[in-house]
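The values are calculated or read from the model by the stated rules, or taken from the named source; none is laboratory data. Model, not experiment: these values are computed from the prediction. All Cβ positions, glycine included, derive from the backbone under ideal geometry; neighbour counts span all protein chains shown.
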């Protein structure tokens with residue numbers, strides 16, 4: 001069965017798209033250009049055929065309702081009272097406003113063209129022929145000559161006119177092309193005007209039978225006769241059960257499709273399209289090998305994917321276990337939770353570290369990037385995966401175009417750069433020093449201890465008798481006496497010993513709190529660093545999944561291409 005024009009056009013457009021944009025199809029550049037040019041030429045010829053028109057003529061006597069029938073076929077009014085021919089020798093042709101003007105009809109009759117906007121008959125030219133019963137003898141030859149150019153001739157009559165002898169006289173002299181004749185008994189609704197539907201059906205059956213017998217007597221052995229009421233169809237009223245207008249309309253438009261198919265066959269477009277398909281189909285056989293190879297690669301890949309993920313996690317763990325967690329620590333916004341001597345000692349140590357490392361920002365930036373040996377380990381794994389795929393394709397002797405497409409999909413350089421960007425973003429987020437909600441208690445403990453040390457210093461510097469006097473009789477004089485003795489003892493040997501003890505105890509607790517703070521930071525940092533490692537491992541797994549997804553998409557694309565060219 002011939003393929004429709006739309007199917008051939010759609011397939012050719014798909015082929016052209018594949019040739020122009022698809023590097024998967026193993027067609028060399030010169031062949032692509034040649035096949036693309038041939039495909040475009042065939043599409044141009046199809047476009048010209050799609051503009052072909054079905055020439056339908058309506059012939060009948062006066063008052064049989066040809067104009068109403070044309071409006072019904074068009075689905076909207078295209079013929080009106082103003083279109084009535086002023087002379088009986090004119091041919092009126094109704095064409096869509098976007099259709100080109102008619103040329104080369106070669107008719108002896110005067111022609112009047114009327115444009116319309118009815119899309120239903122966009123590619124159908126409806127020709128209203130002069131009424132045969134009012135046609136002058138001098139113009140009869142012109143009408144008969146024009147009838148030979150019609151694709152379809154619709155003979156229109158009515159219950160009052162079907163027995164008109166002039167109808168059959170004209171039928172006898174018309175060039176015989178019975179396969180292109182349709183007979184319409186219009187205005188059949190008049191047979192039902194009296195209201196008795198049973199009687200109406202009887203009249204309709206009798207008139208139809210007599211009309212058919214008349215036609216058979218004129219040599220029309222199997223006349224295509226349609227009993228219609230074009231008025232019902234034109235006014236879009238519910239059609240009566242006997243109204244055969246839908247069958248008539250369907251036949252007319254089927255003739256339009258049949259003409260297109262005949263034009264395709266005459267132009268050998270289906271043969272040319274098949275030749276293009278067959279040539280590409282031969283070259284596309286490599287897609288079957290590619291699909292099988294991708295099946296094998298994906299099966300191996302999925303079996304080994306967990307091992308690849310574990311391998312990446314081990315590489316990251318080995319590196320992060322030896323990294324200095326303080327490179328990544330992000331200090332709290334309110335500063336470290338140290339007070340007094342501890343804060344001073346922490347600031348002093350930080351200043352000394354800055355002197356030893358004058359460019360801390362550079363050190364931090366380098367710490368946010370995995371070291372070279374870690375980067376190389378991931379890159380080697382990606383390259384090894386790519387090599388496995390390429391070796392399998394080489395063993396299948398797949399064309400270079402397919403291997404290049406696979407290389408573009410895996411693209412080790414691009415994926416490695418993206419993985420490095422993900423690692424940098426994860427590490428640059430930093431590690432919070434510790435949970436700030438616990439800092440207030442840590443500060444309170446420091447303040448209590450430093451306050452106790454100060455109280456002990458004051459007690460040690462004060463004279464025992466002065467303290468006893470102040471405690472027994474608290475007064476401004478006893479307090480002044482206590483202060484004076486305390487200042488005197490401050491510069492004594494006893495006072496210097498007390499100050500030294502106080503300083504040593506402050507230093508001891510400052511070191512202790514600083515170390516405690518750094519220990520807390522380290523523990524918190526190590527936990528957070530382990531989470532960073534998990535996120536980085538997740539980024540590595542996502543990279544592997546993306547490669548798998550891209551290969552599966554390629555397999556799906558290959559399968560659709562193979563099915564298309566196989567069909």
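Answer yes or no: is there a residue in the stretch 79-92 that is touching a strand residue (DSSP E or B) at 6+ places or on another chain (Cβ under 7 Å), modelled with pLDDT of 70 or more, in a loop (DSSP other than H, G, I, E, B) and within 23 Å of residue 185 (Cβ to Cβ).
yes
Quick test for you: out of 507, 490, pick the one residue that is at pLDDT below 80, in contact with a helix residue (DSSP H, G or I) (Cβ under 7 Å, 6 or more places away or on another chain) and surrounded by fewer than 17 Cβ atoms within 10 Å (Cβ to Cβ).
It is 490.
Look through 451, 475, 501, 559 and report the one residue that is assigned by TED's automatic domain parsing to the domain that holds residue 344 and within 30 Å of residue 402 (Cα to Cα).
559
Taking the stretch 201-222, which residues are buried (at least 17 other Cβ atoms within 10 Å of the Cβ) and modelled with pLDDT under 90?
Selection gives 220 alone.
Could you check how many residues of the stretch 145-195 are assigned to a loop (DSSP other than H, G, I, E, B) and either in contact with a helix residue (DSSP H, G or I) (Cβ under 9 Å, 6 or more places away or on another chain) or outside the structural domain of residue 124 (by TED's automatic domain parsing) (or both)?
Residues in the stretch 145-195 being assigned to a loop (DSSP other than H, G, I, E, B) and either in contact with a helix residue (DSSP H, G or I) (Cβ under 9 Å, 6 or more places away or on another chain) or outside the structural domain of residue 124 (by TED's automatic domain parsing) (or both): 16 in total.
Which one of these does residue 209 not meet: (1) under 17 Å from residue 75 (Cβ atoms); (2) part of a helix (DSSP H, G or I); (3) without any contact (Cβ under 8 Å) to a residue 60 or more places away in the chain?
Only one criterion is unmet by residue 209, namely (1).
Checking residue 199 against (1) part of a loop (DSSP other than H, G, I, E, B); (2) without any contact (Cβ under 8 Å) to a residue 12 or more places away in the chain, which single condition isn't satisfied?
Evaluating residue 199 over (1) part of a loop (DSSP other than H, G, I, E, B); (2) without any contact (Cβ under 8 Å) to a residue 12 or more places away in the chain leaves (1) as the failure.
Please determine whether any residue of the stretch 125-142 is farther than 22 Å from residue 175 by Cβ, in contact with a strand residue (DSSP E or B) (Cβ under 7 Å, 6 or more places away or on another chain), crowded, with 18+ Cβ neighbours inside 10 Å and modelled with pLDDT of 80 or more.
no
Would you check if there is a residue in the stretch 455-472 being at pLDDT 75 or above, exposed (fewer than 12 other Cβ atoms within 10 Å of the Cβ) and not in a helix (DSSP H, G or I)?
The answer is no; no qualifying residue exists.
Find the residue count for the stretch 410-425, including only residues that are exposed (fewer than 14 other Cβ atoms within 10 Å of the Cβ) and within 25 Å of the chain's Cα centre (by Cα).
The qualifying residues number 1.
Does residue 421 fit the bill of being in a helix (DSSP H, G or I), farther than 23 Å from residue 301 by Cβ and free of Cβ contacts under 8 Å to residues at least 40 places away in the same chain?
For residue 421, the condition - in a helix (DSSP H, G or I), farther than 23 Å from residue 301 by Cβ and free of Cβ contacts under 8 Å to residues at least 40 places away in the same chain - is met.
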